[in-house]
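A short worksheet on the structure shown next.
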Amino acid sequence: MYEVPIVKRIRSWIEKISQGSIHDRFGQSKSKKAMKKSLSEAGSHLMTGTLNILLAELLFFPTGFITAVFLARKLGPEGYGLFALASWLIIWLEWSSTSLFTNTTIKFVREASDWRPVGNTVIRLYLIFALGISALLWILASPLAHMFHEPVMAKYLKIFAIEIPIFSLARAHRNILVGRGYYKEQARINSSRLIARLALIILFVEMGLSVKGAIMGSIGASVVELIICRLYIRPSLFSRSLFPLRHLWGFGVPLSLSAMSLRIFRLDLVALKALGATAAQAGFYGAALNLSIPPTIVSISLSPPLLSTLSNLLGNGEELKAKEIGRTAMRSVFWLVPFMTMTAGAAPEIVWLIFGEKYLPASPILVLLIFATLGLLMINLAIAILTASGKPGWTFLLTGPLVPLALIGHLILIPWLGGVGAAAVTTSFACLGALASVFAVYRIWRILPPIKTILKSIFCAGIALVLATLWPASGTILVFKLLVIITIILLTFLVLGEFTGNEIAWARSLIRFRSEDRPHS
């Protein structure tokens, strides 16, 4: 009997799964035992680490969204706008001070036979930078408040400045853990921080402390994070380190400039407020930023383990394996395109559900920003690959031009289009940087994301967009709608043969969370 090709393919796939075997790209079947042996240990380690961190970061959705909705409704657009602005500026400063040596720390710790000399030097370096930035923020709090036309911001920024050194020390500990390959510990620490942040913010705000209470809750979460970090690893702040600081500077300066460029590039909310936006308009933009987080979570989950894994492989002379893993990582970015398109198509409904009707002006901003974070994900993966390859200077060549381009774009579009203009600038240049990143990786490794993957991703994105826009939904029906679209996207990828045999085997093995996946120090 004749079968429709798609039905035949689904039936064939089900038979292969039920038999416990899959086919590799050459069509050669392998038994379950043989497949396990053929899996790359490095790739499996990377996938396990990424999954552990990703699952922890996914706590952002219940905790982060509950926090955002609680604050947005409790403080109103103006109060939430002030907190979002102060929080975004502090996050920018914190990540700027810590990302200066993030990739350098992971690479040197991974390659060192004894992590302690590197770790001790890194801890002191992070603390010195953080204290300097905290002091500078305290001094500039009043001028910044004047620039934002919000005098009360000075008080908020001074309180928030306390968090910077605490956050930086915790982040330094976490980078050392990633460098050593302890991804599960990293995941547990982040989970604890997110839960503590939600609980403390609600506690202090309900005590009547308003915006100050939200800030105190954030500081308390950083304290909890640092305490838990010290339970896992204890580099010394005071003992003399034998690792020369100049080694970190020599390799880390271009990476630091690259990280700083990306941080400055993401000052779109600050640029919007500085160019005349009201506190309420800043609140709309802050709401859209919170909803555009998903690709950022994937980047946080994938980039550090990718850098650690590639550094280890290249250090052992396994360049071909490193290239294959790097190519798969870049390819995975395109898997997210349909999900981001779904979010853009349902943006008004999502904003209404989470923040309420008065935040609907955030929906066109979200449509743009969701793709900006996707472009930044590709840039971060390329930076990890270039860093592991010993090309730190190339990272600044990718990110440095984004700053003046974004500045010019904001000066032109924000006075004209407001928040939509800021989002358009950020998205346009993030996608341009992503294209440049793909080209840079191709120049050094001669690898590209597969054309077939790109075409399949575009096809799935089209389906997602049609379903998201033509199927009106609200409330719990919207949640059901999004789950249906996500399922359709995954099944379409599967039917189109996007996932390789190794990837299916990895997914099946990772579900079990085997204890032997824990790395050795």
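Among the helices (runs of 4 or more DSSP H) confined to the range 356-475, the ones with at least 2 residues that are under 30 Å from residue 68 (Cβ atoms) are located at 363-388, 402-417, 419-445, 451-470.
Restricting the range 151-186 to residues that are among the basic types (Lys, Arg) and closer than 30 Å to residue 307 by Cβ leaves a set whose member that is surrounded by the fewest Cβ atoms within 10 Å (Cβ to Cβ) is 184.
Okay, residues lined up against (1) among the hydroxyl-bearing types (Ser, Thr, Tyr); (2) surrounded by fewer than 15 Cβ atoms within 10 Å (Cβ to Cβ); (3) without any contact (Cβ under 8 Å) to a residue 60 or more places away in the chain:
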{"site": "393", "(1), (2), (3)": "no, yes, no"}
{"site": "414", "(1), (2), (3)": "no, no, no"}
{"site": "436", "(1), (2), (3)": "no, no, yes"}
{"site": "447", "(1), (2), (3)": "no, no, no"}
{"site": "464", "(1), (2), (3)": "no, no, no"}
{"site": "468", "(1), (2), (3)": "no, no, no"}
{"site": "490", "(1), (2), (3)": "no, no, yes"}
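In the set (1) among the hydrophobic types (A, V, I, L, M, F, W, C); (2) modelled with pLDDT of 85 or more; (3) in a helix (DSSP H, G or I), the condition left unmet by residue 255 is number (2).
With respect to the stated conditions, residue 180 fails to be without any contact (Cβ under 8 Å) to a residue 60 or more places away in the chain, of a type in the set (Lys, Arg) and under 14 Å from residue 106 (Cβ atoms). Put simply, of 137, 125, 144, 157 the only residue that is closer than 21 Å to residue 229 by Cβ and not aromatic (Phe, Trp, Tyr) is 125. If the condition is being surrounded by 16 or more Cβ atoms within 10 Å (Cβ to Cβ), outside any helix (DSSP H, G or I) and not acidic (Asp, Glu), then the range 123-150 contributes only 148.
The values are calculated or read from the model by the stated rules, or taken from the named source; none is laboratory data. Given the structure is predicted, the values throughout are model-derived calculations rather than measurements. As a convention, Cβ positions derive from the backbone with ideal geometry for all residues, glycine included, and neighbour counts pool all protein chains shown.
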